[in-house]
1. Please list, or write none, the lysines whose alpha carbon is within less than 24 Å of the alpha carbon of A:K41, excluding same-chain residues fewer than 8 places away.
2. With no solvent and one equal point scatterer placed on each C-alpha of the stretch A:50-129, evaluate the Debye formula and give log10 I(q)/I(0) for q = 0.13, 0.15, 0.17, 0.27 Å⁻¹, two decimals.
3. Using Cα pairs under 8 angstrom and six or more residues apart, how large is the relative contact order of the stretch B:65-148, in percent?
4. Can you check what the Kirkwood hydrodynamic radius comes to for the stretch B:201-241, Cα pairs only, in Å to one decimal?
5. Any chance you could list P(r) for the stretch B:65-148, counting all Cα-Cα pairs in 5 angstrom bins from zero, rounded to whole %?
6. Quick one: compute a quarter of the convex hull surface over the Cα atoms of the stretch B:200-275 and quote it in nm².
7. Bin by bin, in steps of 5 Å, what percent of the Cα pairs in the stretch A:1-152 do you find, going until the bin that has the longest distance?
8. Give the whole-number value, in cubic angstrom per residue, of the convex hull volume spanned by the C-alpha atoms of the stretch B:103-258.
Amino acid sequence: MIEARNLSKSYDREVYALRDMSLTVDKGEFVFLTGPSGAGKSTFLRLLLVKERASDGEISVNGHNLSTLSRSEVQEYRRGVGFIFQDFKLIPTRTVFENVAFVSEVLGVPPAQQQRRAFQVLKWVGLQHRMHAYPRELSGGEQQRIAIARALMNDPPLVIADEPTGNLDPDLSLEIMNLLREVNAGGTTVLVATHDRELIRLVGRRSVTLDHGRIVEMS
Amino acid sequence: MRALEYAFRHAWAGLWRSKVATVCAVLAIALATSVLGGLMLVSANVEQVLGRWRDGAEFSVFFRDDATSEQRGVVEGVLDQSGVVGGRAFVSKDEALVRFRREFAELASLASELPGNPFPASLEVRLLVAPDADGAGETLLRRVATLPGVSDVRYDRVWLERVGRGLETIRGIGFGLVLLLAAAAAVTVASVVRLGMQARRDEIEIMDLVGASAAYVRGPFVAEGLLQGGAGACIALVVVLVGYRTGMALWGESLTVAFDGLAPRFLSLGVCSAIVLGGMLVGSLGGAIASRR
């Protein structure tokens, strides 16, 4: 699913955010990416989202070499990737339902289909009863569940989460991780960047530890 | 079609959200297009009357007060034999005075105060257009001007060309000004659109991350500019129309006399449509530039 070979990313000649990183994530796998702040976790995720391009080496997802994608190919590729952020990135002026349906709306999906799918994913994360609420009316855990529902709108084969529990207490963090485990159980590849080692231990999946842009441990 | 519907729906919401900034942008476009509309209104009407005068180009041969009827006969003979004259009419000193009093009623008393009749007798000569085109009219004019008893010859076409050139210059300067104002309007629209983009940056980021096409990401901002431009141009047309109606109510008769009996007309439907489209183009250009990155 994800294949990184001798991947490097530097912002100038001396400073490397990632250095010579090689990693394979199989289809349907659940992998944690961990390490201290500045280890390169977010950089790797940004490369996966093609928000940035690698300085050296190669990274491919489902056979697509991300370094060589054109602008329109990037758009097409991103439609197959769900993303979840620490700060949720929900649109405050839209209701829960609109936030979730928004993804399909901007991809030109017919309204009836948008609504059907939005209701389906909201039900799946257990928040269909809050569909008319605004993000500010929700707790942190609920907001992150909405973000997960939004990430699943396109039924993507890959879900990327960057510190999805960073703003949540331990109980809610575990709840979110269980939800991601369920996503994974449906066959979706899940890659989660977190520095919370306790959470990794509780969930018990493969973890890749980065430090100063290099892989220092795989377990 | 769905992208278009999305763009206009969100553009409308965006404009509504930043009302004050939107009004500023619309007024900037209205100012630019008002100047353009006013310029086109004046220019079209002056052009129309110039065209009419050009078609009926005349020259006038003014006689000295002491010119004899034989000298007048020589002039008439030269004109008749030239082959470029379509007609001629003699206007005596008395007829010239009567005509002045009729056409410039408010100045009639001025003529009465003068000792004697100051207006010279003249021959009004209408040229055939075709022979004049190769310069035959000018040759005739030069010849007549040297004949005995003739004090002056005034050729319409010479001053018509001067007026035409003056009009071209004014039009050039006006269009330059319009271009400057249009650029300023586009910058204003771009600034307003940027404000809207700033307010919606999370939304834009999400759209970008889910792989939305440019039509969805940039479309609403281009549509915002287009709506602002269209609204500004419509306001400008209303302003020009009000100006035209007021002008006609105040000076309609004088303008009609000055325009040789042609009442000044408002801009044609085609020109009005072109102005609105121009406003929309400037606005959407501003929106497109602002949302380029």
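Since every read-out is calculated from the coordinates, none of them should be taken as a lab result. As the structure is a computational prediction, the values presented were derived from the model and not from experiment. Using ideal geometry, Cβ is built from the backbone for each residue, glycine included, and neighbour counts are taken over all protein chains shown.
1. Straight-distance partners of A:K41: A:K9, A:K27, A:K51, A:K89.
2. Calculated log10 I(q)/I(0) at the listed q: -0.56, -0.70, -0.84, -1.31.
3. Details: 69 pairs, mean separation 34.6, N = 84.
Across the stretch B:65-148, relative contact order equals 41 percent.
4. Details: mean 1/r = 0.0839 Å⁻¹.
Value: 11.9 Å, from the Cα pair sum.
5. Reading upward from the zero bin: 3, 13, 20, 19, 14, 13, 12, 5, 1.
6. Working: hull surface 27.9 nm².
One quarter of the hull surface, i.e. the mean projection, equals 7.0 nm².
7. Values per bin, smallest distances first: 2, 8, 16, 17, 16, 15, 13, 9, 4, 1, 0.
8. On the way: hull volume 32.9 nm³, N = 156.
Dividing the Cα hull volume of the stretch B:103-258 by its residues yields 211 Å³.
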